[in-house]
Amino acid sequence: MWGLVVCSIVAVAIVIERLYFFATQRANAKELLRQIGTRVAQNDVPGAIRVCRETKGMLPRILEFGLLRADKDRSDISEALSIALMENLSLLDRNLAVIGTIAVIAPFVGLFGTVLGIIRAFQDIALKGNSTPAVVAAGVSEALITTAAGLFVAVISVIFFNYFKARIKAITQEMTVSANQLAEMLHFHNTGAPIPTELYQPVGRTAAAPATS
């Protein structure tokens, strides 16, 4: 039973930490790209970097990494963004393997506790010589609670494990798309071509044309 208590405490601690972590990754990718794209289109790369630094989350840090190399060619920018992506992706699944492990072993820990509980119940019966159905049922019932607790811990762990996996997949796709769009923006910017507004403007909106001297 103590093994289940430890597993439960660890699982709860990790779930709370992961929920807080993902709550801090709520940067609106489309809005962030809109602000960055508008400034890059106006040849204001320092302003785009400032937008990233004023926004919380991993995505702004990744895009800032690319903007700091805005004067490089496209391959250098893409490589820098890929490095930043890889460094940050490791933060997404931190401690997730622990929850997965708890989800797998919790039922076995509960079953092990049940077996030990039943053994103790029959040992008490043998020592005390009292083998009435009520005494046997009480011992077995107490032992089976451990199995139920193990299954409960496993089910909750699996639910949060799958939830976090889905969040990681969505965030990873969002960051990858945003990094590619930024690389495209900077490529057009460096070649002197106008940046296509579809790279950073929501459908149905158009960016104001940059002022010309």
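The values are calculated or read from the model by the stated rules, or taken from the named source; none is laboratory data. Worth saying up front: this structure is predicted, and the values here are computed from it rather than measured. Quick reminder, even Gly has a Cβ in these numbers, built from the backbone with ideal geometry, and neighbours come from all protein chains shown.
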Residues in the range 148-159 that are under 17 Å from Val6 (Cβ atoms) and either surrounded by fewer than 19 Cβ atoms within 10 Å (Cβ to Cβ) or aromatic (Phe, Trp, Tyr) (or both) total 3
When (1) under 30 Å from Leu4 (Cα atoms); (2) out of contact with any helix residue (DSSP H, G or I) (no Cβ under 9 Å at 6 or more places or on another chain) are applied to Ser75, the one that fails is (1)
Checklist entry - Within the range 101-110, is there a residue that is within 14 Å of the chain's Cα centre (by Cα) and either part of a helix (DSSP H, G or I) or crowded, with 16+ Cβ neighbours inside 10 Å (or both)? => result no
When Ala126 is run through (1) aliphatic (A, V, I, L, M); (2) exposed (fewer than 15 other Cβ atoms within 10 Å of the Cβ); (3) modelled with pLDDT under 85; (4) within 29 Å of Val158 (Cβ to Cβ), the failure sits at (4)
Of the residues in the range 81-91 that are crowded, with 16+ Cβ neighbours inside 10 Å and at pLDDT below 85, the one that is nearest to the chain's Cα centre (by Cα) is Leu89
message = Whether any residue in the range 1-23 is of a type in the set (Asp, Glu) and without any contact (Cβ under 8 Å) to a residue 12 or more places away in the chain is what I want to check.
response = no
In the range 8-52, anything of a type in the set (D, E, K, R), under 25 Å from the mean Cα position of the chain (by Cα) and under 30 Å from Asp71 (Cα atoms) is listed as Arg26, Lys30, Glu31, Arg34
Suppose the filter is among the hydrophobic types (A, V, I, L, M, F, W, C), surrounded by 15 or more Cβ atoms within 10 Å (Cβ to Cβ) and over 30 Å from Ala154 (Cα atoms); does Ile62 pass it? yes
Among (1) within 23 Å of the chain's Cα centre (by Cα); (2) surrounded by fewer than 21 Cβ atoms within 10 Å (Cβ to Cβ); (3) under 30 Å from Gly100 (Cβ atoms); (4) at pLDDT below 90, Trp2 falls short only on (1)
